[in-house]
Amino acid sequence: MNVVIHPVHFDASTQLVEFINKKLEKLETFFDRIVETEVFLKLESNQNVKDKIVEIKVHVPGKTLFVVKSSKTFEISTDLAIQTLSGQLKKQKDRVKAH
């Protein structure tokens, strides 16, 4: 699986990049035919609150899965996105098995 991480308008720490890569590796346990994964890390300022937004695109044969999550930290946003993607990948695997 090819992983591309795009921090938008800031530099991501190596610790954050390693954390995201470690979490994304777990997705292969749900569906082993993942071609590429793109992660977009964004900062959003609303009044006094700074949200950390994680957008993840997972390219599988014939389909692209997409999820957006935001929270106070990139780690929490990543965990939430991975949980959602694991469900989407399980459904995709069931669809592939059905055909």
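Report the equivalent ellipsoid semi-axes for segment 2-84 in whole Å, largest first, defined as the square roots of five times the eigenvalues of the gyration tensor built from alpha carbon atoms. Display every interim value, and only then the final one.
On the way: eigenvalues 105, 32, 26 Å².
Working from the Cα gyration tensor, I get semi-axes of 23, 13, 11 Å.
Sequence-ordered 3J(HN,Hα) estimates for segment 85-95 from the Karplus curve with 6.51, -1.76 and 1.60 and θ = phi - 60° stand at 5, 4, x, 5, 5, 4, 5, 5, 5, 5, 5 Hz, glycine and proline given as x. Any chance you could give the angle, 0 to 90 degrees and rounded to 10, that helix 14-25 forms with the longest Cα principal axis of the chain? For helix 14-25, the angle is close to 20 degrees.
Treating only the Cβ of Lys, Arg, Asp and Glu as charged (+1, +1, -1, -1), what charge dipole size does segment 2-84 show about its Cα centre? Round to the nearest 20 debye. Spell out each step's value before the answer.
Details: 11 positive and 12 negative charges, 40 e Å.
Here the size comes out at about 200 debye.
Applying a DSSP loop filter and a limit of 11 other Cβ atoms within 10 Å to the chymotrypsin sites (Phe, Trp or Tyr not before Pro) in segment 4-47 leaves F10.
FYI, it's all coordinate maths here, none of it is from the lab. Keep in mind the model is a prediction, meaning the values are calculated, not measured. Cβ: placed from backbone, ideal geometry, glycine included. Neighbour counts: every protein chain shown.
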